[in-house]
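Each remark here refers to the structure printed beneath this line.
The values are calculated or read from the model by the stated rules, or taken from the named source; none is laboratory data. Given the structure is predicted, the values throughout are model-derived calculations rather than measurements. Note that each Cβ is placed from the backbone with ideal geometry, even for glycine, and that neighbours are counted across all protein chains shown.
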Amino acid sequence: MRGFVFDGLQGNNEYIELIKLFLRPSEFSTDGAAGAEGAHRIDATDAAAAGDKNAVKRFLYDRLAALTGRSPAWGILTGIRPVKLFGELAGEAGSDEDVARARRRFRDEYYVSEAKTELTARVHALQRALTAPPETGSVGIYIGIPFCPTRCEYCSFPSNQVPYARVAGYLAALYREMDFVAEGLARKGLFAESLYIGGGTPTALNEADLDELLGRARRRFAGAKLAEFTVEAGRPDTITAEKLRVMRRHGADRVSINPQSMNDETLARIGRDHTAEDVRRAFRLAREAGVPRVNADLIAGLPGEDAADFERSLRAVLEFAPENVTIHALAVKRAARFKERDAEYGYARAETAAEMLRLAAAALAEAAYAPYYLYRQKQTVGNLENAGYARDGKLGLYNVRIMEERQTIVALGAGASSKLYVPSENRLTRAFNASNYEIYAERLDEMLERKRRLLFE
Ligand code: SF4
């Protein structure tokens, strides 16, 4: 391996992110080091000096594509919200002509592949058809429960495995924050359009605590204009008939049951501590409880799985006809145990994961699902995207809003980050809660003060 040395790019993370689409971190240097003898030297000094970031990215893409023979499907896009960019390029009116121009710019200026341009344009079109812009005064509410029965190998979320007795202190703090936010919203004349209980795994709570949490959430936030109430029940082994009845009683109308894989060996390998049979049981219970919208998450690129394994999981999930299916490309982030074992896993599995996404898109289209939201994360296998699919137009509104970034999100609990939307500047400003659940409870007053200044002044 000869290695690559880049000149003129020091310290620019966007450029480094782009290079990483082509080269493993061990294969290149941008710090001006002389590099190994015989290394390819790519001098971007002149391109960078011209000051047009996209031009620099195209310069790098062209050179690297020629040298490596690779052509990453998302082109020079390193951001996480392609649909938002597409919408900006298409403009508010979004006429057929505007959309055609946005498509051309995606391909010609951003080097996005035909397939990914098509996917983005379809998501954009469906969102425009099915959602109106957020109403003035509306917010999305997120409430985080940072506990799970075990830790998945790939997890990089707030997730704690603790004796149940410790949950009480967290909930007491969370209830204080809920009261504080409800009072602030009322004072400012704001209202919840969507309510999302996520985590972690909210259904890791026992039935009595879940009842208390959802009852409080309903009383504080579920006004006449609430359009969606989602509860993540990600780990099927935590779902009981009674918990589903509790959800329905408090008005939850969307429940996310996340198999990730329907292959028992894979589930054991990734530390999920449940079986495919647990998933089947959870889906049956959700239907018996009358949950109107069920989402199922699957992950492409899990260890030991080939495309056929993934397709079997997807077909097994489709037997339950969930209203939403979300296909994630495995993210191998720093916090995941995974990465500790194999720093270059994401590169090695890129082709397999891309094949899985192609299979998923075809199988879901055949089963009458349409892509309705789309986002990218850093460090996913093959730098691939996550996409949510919906049938019968039943999309997940909170997910769409998060990606649009045109609505304030009030986020409660450990690790939650609130985002105030400032329409006059079309931008978000943020306030963070501590991610450690004990520090969150101990220092809640500081976080409430931050929230007050951000949202309720
Ligand atoms: S269920 Fe989600 S939050 Fe919990 S350990 Fe697994 S990946 Fe992390």
Legend entry - Pair list, Cβ < 8 Å and 6+ apart or interchain, from segment 223-239 residues that are assigned by TED's automatic domain parsing to the domain that holds A296 to residues that are away from the ligand (no atom under 16 Å from the Cβ) and among the polar types (S, T, N, Q): K225/S138; L226/S194; A227/S194; E228/S194; F229/S194; T230/S194
Inset, instruction - Answer yes or no as to whether A360 is assigned to a loop (DSSP other than H, G, I, E, B) and touching a residue at least 60 places away in the same chain (Cβ under 8 Å). - result: no
Inset, instruction - Pick out the one residue from R391, R450, R443, R427 that is within 23 Å of E228 (Cβ to Cβ) and among the basic types (K, R). - result: R391
Inset, instruction - Say whether the condition of being within 23 Å of E351 (Cα to Cα) and free of Cβ contacts under 8 Å to residues at least 60 places away in the same chain is met by at least one residue in segment 27-42. - result: yes
Inset, instruction - Mind listing whichever residues of segment 190-215 are more than 13 Å from M247 (Cα to Cα), within 16 Å of the ligand (Cβ to nearest atom) and part of a strand (DSSP E or B)? - result: G198, G199
Inset, instruction - Hey, can you tell me all the residues within segment 128-168 that are more than 16 Å from the ligand (Cβ to nearest atom) and surrounded by 21 or more Cβ atoms within 10 Å (Cβ to Cβ)? - result: V139, G140, I141
Legend entry - Residue check for A182: away from the ligand (no atom under 16 Å from the Cβ) and loosely packed, with under 14 Cβ neighbours inside 10 Å: no
Legend entry - Members of segment 62-86 found to be part of a helix (DSSP H, G or I) and surrounded by fewer than 22 Cβ atoms within 10 Å (Cβ to Cβ), listed by number: D62, R63, A65, A66, L67, T68, K84, L85
Legend entry - Unique residue being within 14 Å of the ligand (Cβ to nearest atom), assigned by TED's automatic domain parsing to the domain that holds E319, in a loop (DSSP other than H, G, I, E, B) and of a type outside the set (F, W, Y) when the list is D278, D297, D273: D273
Inset, instruction - Of all residues in segment 249-270, count the ones that are within 23 Å of E288 (Cα to Cα), of a type outside the set (D, E, K, R) and away from the ligand (no atom under 13 Å from the Cβ). - result: 5
Inset, instruction - List the number of the failed condition for F283; all other conditions in (1) part of a helix (DSSP H, G or I); (2) more than 14 Å from the ligand (Cβ to nearest atom); (3) over 23 Å from D209 (Cα atoms); (4) of a type outside the set (V, I, T) hold. - result: (3)
Legend entry - Within segment 403-457, tally of residues that are free of Cβ contacts under 8 Å to residues at least 24 places away in the same chain, small (G, A, S) and closer than 20 Å to A182 by Cβ: 1
Legend entry - Test: Q407 is modelled with pLDDT under 95 and within 18 Å of the chain's Cα centre (by Cα): no
Inset, instruction - Among the residues of segment 216-248, count how many are among the charged types (D, E, K, R), within 16 Å of the ligand (Cβ to nearest atom) and part of a helix (DSSP H, G or I). - result: 2
Inset, instruction - Have a look at E232, E242 and point out the one that is among the acidic types (D, E) and either under 25 Å from R401 (Cβ atoms) or surrounded by 24 or more Cβ atoms within 10 Å (Cβ to Cβ) (or both). - result: E232
